[in-house]
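First comes the structure, then the notes that go with it.
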Amino acid sequence: MALRWNIENIIFDSLHEADVWADSIGNEIYARLYDGYDTPDYKIAYSLAFRLAEMKEFRVITEISIDKETRYKVWVISA
């Protein structure tokens, strides 16, 4: 099964800004436009994981990859 990723390189200064952004990404994942989100900003990944975990339909998975740069991935599968 191929996952549909939203990959962005945005980094916010505050957790509040990241949380507002994560709310919009959560809506896109809930609408099934994407299965996951890939970001260099841990604040977005943190907020998104908690927002998605509130939805009973999803099982949330997270991953940190450290290759050339640190990336955080958050994706869902149906529960």
**Complete:** the chain: longest segment with zero exposed trypsin sites (Lys or Arg not before Pro), where exposed means DSSP loop plus at most 14 other C-beta atoms within 10 Å, is residues 5-31
**Prompt:** In nm, what is the difference between 0.36 nm times the number of residues separating Arg59 and Ala31 and their Cα-Cα distance?
**Reply:** 8.6 nm
**Item:** Most to least accessible of Thr62, Thr70 (protein chains only, probe 1.4 Å)
**Value:** Thr62, Thr70
**Asked** Would you list Ser65, Ser47 from the most to the least accessible area, probe 1.4 Å?
**Response** Ser65, Ser47
**Request:** Would you calculate the separation in nanometres between label points at Trp5 and Ala79, each defined as 7 Å from the Cα along the Cα-to-beta-carbon direction?
**Result:** 2.6 nm
**Heavy-atom accessible area ranking, 1.4 Å probe, most first, across Leu15, Leu48** = Leu15, Leu48
**For the chain, alpha-carbon Rg relative to the globular expectation (2.2 N^0.38 Å, N residues)** = 1.01
**J(HN,Hα) series, the stretch 7-16, from Karplus relation 6.51 cos²θ - 1.76 cosθ + 1.60, nearest Hz, glycine and proline x** = 10, 9, 10, 7, 10, 9, 7, 10, 5, 4
**Prompt:** Probe 1.4 Å, all protein chains in place: accessible area of Glu8 in Å², nearest 10?
**Reply:** 50 Å²
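The values are calculated or read from the model by the stated rules, or taken from the named source; none is laboratory data. As the structure is a prediction and not an experimental result, all values here were calculated from the model. Glycine gets a Cβ as well: all are built from the backbone with ideal geometry, and neighbour counts include every protein chain shown. Side chains are part of the model used for accessible areas, which takes the heavy atoms of the whole protein and leaves out ligands, DNA and RNA. Shrake-Rupley method; radii C 1.70, N 1.55, O 1.52, S 1.80 Å.
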